[in-house]
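Visitor: One structure is given below, represented as structure tokens, and several questions about it will come after.
The values are calculated or read from the model by the stated rules, or taken from the named source; none is laboratory data. Since the structure is predicted, the reported quantities are computational estimates derived from the model, not experimental observations. Counting neighbours? That spans all protein chains shown, and the Cβs are built from the backbone with ideal geometry, glycine included.
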Amino acid sequence: MTTQLGRWEHFDHQADVGVRGIGPTLDAAFEQVALALTAVVTDPARVRPIQAVEIECEASRVSLLLVNWLNRLVYEMATRHMLFGRFEVHVSPPDLGGTLSLYARAWGEPVDPERHQPAVEVKGATYSELEVAKNPAGHWVVQCVVDV
Amino acid sequence: MDTTRLMQKSEFEWWLEATPPMRVPGILYASEALLREMDDKVLEQMANVASLPGIVQAVYAMPDAHWGYGFPIGGVAAFREDDGVVSAGGVGFDISCGVRTLHTGLTVEDLAPLKADLAQGLFRHVPAGVGSVGKIHLEPDELDAMLQGGAEWAVKRGYGRREDLERIEEHGRMEGARPEMVSEQAKRRQADEMGTLGSGNHYLEVQQVTEVYDPSVADAFGVAVGDVLVSIHSGSRGLGHQVATDYGRRMIEAAHRYGLELADLELACAPIQSEEGQAYLGAMRAAINCALANRQILTHLAREAFAYLLPRADLRLIYDVSHNTAKLETHLVNGQPQRLYVHRKGATRALGPGHPDLPDAFRAVGQPVLIGGTMGTASYILVGTPESEARSFSSSCHGAGRAMSRHQALKQWRGRELVKQLGERGVIVRSPSPRGVAEEAPGAYKDVTAVVDAAHAAGLSRKVARLEPLICIKG
């Protein structure tokens, strides 16, 4: 599951699914993990980027920002009945109070059960197996388990 | 699981000794075979829960326990009202997810000629699967009334019958709900989701009773071999998931203010007697009402589908149980009654005979304990025992529990083939998602019979009847 700016994968969890994004920058890793989230529901390649949604969130720690980001996507998917297949993320460094903020755009389309064959809805992102770190190659690896 | 870390007290009871910082021991109820299949992380999570302030007696794992978030799924823990904690992670994402079972008044012979039509009728009439939308859209005032009223609200609005309410825990309405503590986002997530089944392991099944183990209790529950039942497994939908997300975050942020060192962020909790603790309890109770209202509406939809094809059918609610809750209950601790917040995460309350909260119909025999299986195996009805009060704060198992991840299941099965194979065995499966069916393959779950046998042998609840699926509507 490779794109130009990194890759995503799932990792096993007995009851649920782990989502992981890997990228040369933190922004890229956050974009990749969002694709991994979509892939829990459907094949991201089947989602046409015809409508954009803007998302902003913040947190006191980068790991918590990851959970907030995924939970915002879960919320947007649920309330707009949409799936997203393309993402552009920008994480701002901490402000004076130590708060990190994220600004993103997500492109997608309304769920079409015939074409998307959605497998399962995601209830929320969890703090289980939550990690934000650099791997030995210097790439960012961000991950957590999502409840389905 | 490495069983050498445990002390075996009897064939189905194993103890994890309380070593600091654990305040109480861990007690697992399971056969050795089931324990061997359990992940070691269950023990780690039990030890973490046993270290939380205000916990009493022990942390318990039911026979279907598996590695969850913070708390094990299939876990039970009770905290003192005055100095204990309440944990959003200890309740879980799908607040008040549960099962209800109805008697249809029909036998297998009555159903046979119309089975395929009924499968189609239910599939078309009950919204299921990702992105499905209910016909009911609630305005803000009405949504708040639903969050206060639960199944009682649903009945007042014409979804079901008054007599349904006495067959639901809390008589269909959880007291102490505070809709104002539920975020606008959580409410918005619910706007289109009332009366939807959901996806994943949620289902609506038409089942036949294939075996009765305890005829006198089965008689009190009104079930006999050959009877056709309907079981609905669903929860509090988007609203409950968002309440769990919102308060998990809030409890993590507040933890340091209360001097709570979290071994795992998923153990996010707050003192019961704190602003955060009380706000969560109010929101969680509102989410319980949302789940009760949702299962009540789903029942109404099932009744409509039956009435159209089988006008003779009369769907009477046997009982409705919730799995993911924290409830204020009185239990005996060292011989003294204490008010405790009992967290059951993936566990069923299982009240024994004579309990004052039981409806008159079950007062003499105990509470029906409804255990959902998978679409290809079986479900069970059990009954609460007098012993479970001392063994597990009157709690029992809740289902089979997964044995295999979704990813592994997808590698092993194809949805369309599974539907065909089950069809050949007489189980009609209808689902909008073949991939969803593959991920929920019966083989991806533990053997529900082994789980139920262990719960029975450990005295957590007693077997009454076995149910096998005829029709399964999957989300």
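Visitor: Can you give me the ranges of the strands (runs of 3 or more DSSP E) entirely in the range B:1-111 with at least 2 residues that are over 30 Å from B:Gly198 (Cα atoms)? Before the answer, list the steps.
Guide: Numbers: elements: B:7-10, B:13-16, B:26-29, B:59-66, B:73-80, B:85-87, B:98-107.
In the range B:1-111, B:7-10, B:13-16, B:26-29, B:73-80 are the strands (runs of 3 or more DSSP E) which contain 2 or more residues that are over 30 Å from B:Gly198 (Cα atoms).
Visitor: Identify the single condition in (1) of a type in the set (Asp, Glu); (2) assigned to a helix (DSSP H, G or I); (3) more than 14 Å from chain B (Cβ to nearest Cβ) that A:Glu114 does not satisfy, given that it satisfies every other one.
Guide: (3)
Visitor: Would you check if B:Val243 is assigned to a loop (DSSP other than H, G, I, E, B) and crowded, with 18+ Cβ neighbours inside 10 Å?
Guide: no
Visitor: A follow-up question, please. Give the number of residues within the range B:361-380 that are in contact with a strand residue (DSSP E or B) (Cβ under 8 Å, 6 or more places away or on another chain), hydrophobic (A, V, I, L, M, F, W, C) and more than 24 Å from B:Ile27 (Cα to Cα).
Guide: Of the residues in that region, 4 qualify.
Visitor: If you don't mind, there's one more thing I want to ask. Can you tell me which condition B:Ser10 does not meet? The list is (1) more than 24 Å from the chain's Cα centre (by Cα); (2) within 16 Å of B:Ala458 (Cα to Cα); (3) crowded, with 19+ Cβ neighbours inside 10 Å, and all the others hold.
Guide: (3)
Visitor: Moving on. Could you list, in sequence order, all residues of the range B:442-463 that are within 14 Å of another protein chain (Cβ to nearest Cβ) and assigned to a strand (DSSP E or B)?
Guide: Residue satisfying the conditions is B:Tyr445 alone.
Visitor: Mind checking whether some residue in the range B:300-315 is in a helix (DSSP H, G or I), surrounded by 24 or more Cβ atoms within 10 Å (Cβ to Cβ) and either within 14 Å of another protein chain (Cβ to nearest Cβ) or among the hydroxyl-bearing types (Ser, Thr, Tyr) (or both)?
Guide: No, that holds for no residue.
Visitor: Hey, another quick one. Any idea how many residues of the range B:410-441 are small (Gly, Ala, Ser), touching a residue at least 12 places away in the same chain (Cβ under 8 Å) and away from every other protein chain (no Cβ under 13 Å)?
Guide: Looking only at that region, the number is 1.
Visitor: Quick one: which of B:Ser388, B:Ser394 is touching a helix residue (DSSP H, G or I) at 6+ places or on another chain (Cβ under 6 Å), away from chain A (no Cβ under 14 Å) and closer than 17 Å to B:Tyr29 by Cα?
Guide: Within the list B:Ser388, B:Ser394, the selection yields B:Ser394.
Visitor: Something else now. Can you pull out the residues in the range B:186-240 that are of a type in the set (S, T, N, Q), in a helix (DSSP H, G or I) and within 14 Å of chain A (Cβ to nearest Cβ)?
Guide: Passing the criteria: only B:Gln190.
Visitor: Of these, B:Leu382, B:Leu370, B:Leu351, which one is buried (at least 23 other Cβ atoms within 10 Å of the Cβ), part of a loop (DSSP other than H, G, I, E, B) and out of contact with any Pro (no Cβ under 6 Å at 6 or more places or on another chain)? Let's see the steps before the verdict.
Guide: Values: B:Leu382 fails: part of a loop (DSSP other than H, G, I, E, B); B:Leu370 fails: part of a loop (DSSP other than H, G, I, E, B).
Being buried (at least 23 other Cβ atoms within 10 Å of the Cβ), part of a loop (DSSP other than H, G, I, E, B) and out of contact with any Pro (no Cβ under 6 Å at 6 or more places or on another chain) holds for just one of B:Leu382, B:Leu370, B:Leu351, which is B:Leu351.
Visitor: If I go through the range A:44-87 residue by residue, how many of them are within 19 Å of A:His10 (Cβ to Cβ) and over 14 Å from the mean Cα position of the chain (by Cα)?
Guide: The qualifying residues number 3.
Visitor: Here are some residues: B:Leu122, B:Leu114. Which one is assigned to a helix (DSSP H, G or I), touching a residue at least 12 places away in the same chain (Cβ under 8 Å), away from chain A (no Cβ under 14 Å) and crowded, with 20+ Cβ neighbours inside 10 Å?
Guide: Selected residue: B:Leu122, the only one of B:Leu122, B:Leu114 that is assigned to a helix (DSSP H, G or I), touching a residue at least 12 places away in the same chain (Cβ under 8 Å), away from chain A (no Cβ under 14 Å) and crowded, with 20+ Cβ neighbours inside 10 Å.
Visitor: Look at B:Ser31 and say whether it is touching a strand residue (DSSP E or B) at 6+ places or on another chain (Cβ under 9 Å), polar (S, T, N, Q) and either within 23 Å of B:Ser274 (Cβ to Cβ) or modelled with pLDDT of 95 or more (or both).
Guide: Working: touching a strand residue (DSSP E or B) at 6+ places or on another chain (Cβ under 9 Å): yes; polar (S, T, N, Q): yes; either within 23 Å of B:Ser274 (Cβ to Cβ) or modelled with pLDDT of 95 or more (or both): yes.
The answer is yes for B:Ser31.
Visitor: Do you know which of the residues in the range A:117-129 that are assigned to a loop (DSSP other than H, G, I, E, B) and more than 7 Å from every other protein chain (Cβ to nearest Cβ) is surrounded by the most Cβ atoms within 10 Å (Cβ to Cβ)?
Guide: The qualifying residue surrounded by the most Cβ atoms within 10 Å (Cβ to Cβ) is A:Val122.
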